[in-house]
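Student: Pasting a structure here, questions to come.
Any read-out appearing in this document is the output of simple, stated calculations on the displayed coordinates, not a laboratory observation. Please read all numbers here as calculations on a predicted model, not as lab measurements. Cβ atoms come from the backbone with ideal geometry, glycine included; neighbour counts cover every protein chain shown.
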Amino acid sequence: MAVTSMSCVQLGLALSVHLFGQLGPLGVTALRLAWAGVLLLVLVRPRPRDFTGRDLLGCGVLGGVTAGLMLLFMLAVAHIPLGTASALEFLGPLAVSMYGPGGGRRRWTALAAIGVVLLTRPWNGGINPAGLGFALGAALCWAAYILLTQHVGDHVAGLSGLAISMPVAGVIAVLTAGRYELGRVTWPLLVTMLALAVLHPVLPFSLEFLALRRLTTSAFGILMSLEPAIALLAGLLMLRQIPSTASTVGILFVVIAGIGATRAGTRAASSETTATVLSACPCPARDHEVSLAGAVQAHGEGAEDGD
C-alpha cells in the first residue's frame, strides 16, 4: 500500500507541474485539496457523533499539517527539480525513524541519509534558497503528518479521520491561494483537478492511512525513503529531468534502506492498544469493527509464528 501510495503521489505531482502556468502552485494545490475534501466527505460520510472532542481536534490539526505539507512541497517543486524536492522532504520521515522506537533500524537510517545526500548533492551548490526552504518546511510537516496520522488512525475507525482532516486542509489551502490564483479557474481546469485529486491526495493518503495501522512509525518512515527514487523516475519520464550518476547511486541506497525497513515493520496489536481504541469508540458498531480487525491481525501473527 505504501509503495502504491508513493507512485500515485509522484505521478500526480508530475502532472500538476504542467498546470503551474495556468493556476500557479498554490492554486493547483488548493483545488486538489478542495476536491479531495469533497470526495472524502461524500464517500466516507463521517458521523459527528462518532467522534470525541479530542478526536475532532486531532483531525483538525492533521488537516492543518496536511495543507502545510502540500502547499510547501508544491512551492518547492516550482523552484527545484522534483527528485531534489522529494529527497529534501524525506528528511522529515528520516528524523521520525531515527528518533522513534527501535534503535536497531538506525543502520538503515544512516544508509538512507547517505542516499539523500547523493540525491541532493549539496557540494555542487546553486540550489535555489526559496526551494530549499519550502522543501525543508514540507519535511517538518511530513514528520508531523506521520505522527498525527498514526495517532488519529489508532483512535478513529476506518477513514473517518481522513474525511474530517482533508476538508479542513482544503479550506486552509483555498484561503491561502486567495482570489488571485483561483480567479483564473475554468471549467476544464476544474474537471482536470478533480481527476488529479483522486490520483493525489485521495488515493495515496487513504493508502497511507491504512498502512500506518499495520506498520510502526519508524518502519513506515524509512519505507517512505523509496519516495525520492520514485520522484526521480517521475521527473525523468514526465518532466525530462535527467539524473546524474550520484543520483543513481542515491536511488540504490534508499531502495536498500527501504527493503531493510520492511523486514520488521508489522505492528503488533497489543491488548493495551486495543483497550485504548475501544474506550475511544463507544459506538457498538465501531466496537465490532475494531474487534474484528484485532482478530484478523492476531490470526495473521499466529500464522507467521507457525511459519
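Student: If you take the beta carbon distance between residue 49 and residue 130 as r and set R0 to 51 Å, what does 1/(1 + (r/R0)^6) give as a FRET efficiency, to the nearest 0.05?
Tutor: Details: r = 45 Å, r/R0 = 0.88.
Rounded to the nearest 0.05, the efficiency is 0.70.
Student: Let me ask something else. Gain in length, residue 214 to residue 194, computed as 0.36 nm per residue apart minus the alpha-carbon separation, to one decimal in nm? Mind showing how you got there, number by number?
Tutor: Numbers: separation 20, 0.36 × 20 = 7.20 nm, distance 2.94 nm.
In short, 4.3 nm is gained.
Student: Can you check what the net charge comes to around residue 69, using other residues whose Cβ is under 14 Å from the Cβ of residue 69 (Lys, Arg +1; Asp, Glu -1)? Mind dumping the intermediate values first?
Tutor: Numbers: positive: 32; negative: 89, 208, 227.
Taking every Cβ under 14 Å from that of residue 69, the sum is -2.
Student: Let's test the formula: R0 of 22 Å, r as the Cβ-Cβ distance of residue 3 and residue 38. What FRET efficiency results, to the nearest 0.05?
Tutor: Details: r = 27 Å, r/R0 = 1.24.
With a Förster radius of 22 Å, E is 0.20.
Student: Next up: Under the classification rounded if a/c is under 1.5, otherwise prolate if a/b is larger than b/c and oblate if not, where does the stretch 2-262 fall, given a ≥ b ≥ c as square roots of the Cα gyration tensor eigenvalues? Walk me through the numbers on the way to the answer.
Tutor: On the way: a/c = 1.94, a/b = 1.15, b/c = 1.69.
In terms of gyration-tensor shape, oblate.
Student: By how many nm would the segment from residue 240 to residue 110 grow when fully extended, if each residue of separation counts as 0.36 nm and the alpha-carbon distance is taken off? Walk me through the numbers on the way to the answer.
Tutor: Numbers: separation 130, 0.36 × 130 = 46.80 nm, distance 2.98 nm.
Net length gain for the segment: 43.8 nm.
Student: I've got another one for you. Please report 66, 216 as a ranked list, fewest other C-beta atoms within 10 angstrom at the top and most at the bottom. Write out the running numbers ahead of the final one.
Tutor: Values: 66 29, 216 21.
By the 10 Å Cβ count, ascending, the order reads 216, 66.
Student: Note down the nm distance, to one decimal, between modelled labels 7 Å out along Cα→Cβ at residue 20 and at residue 180.
Tutor: Between residue 20 and residue 180, the simple spin-label model gives 1.7 nm.
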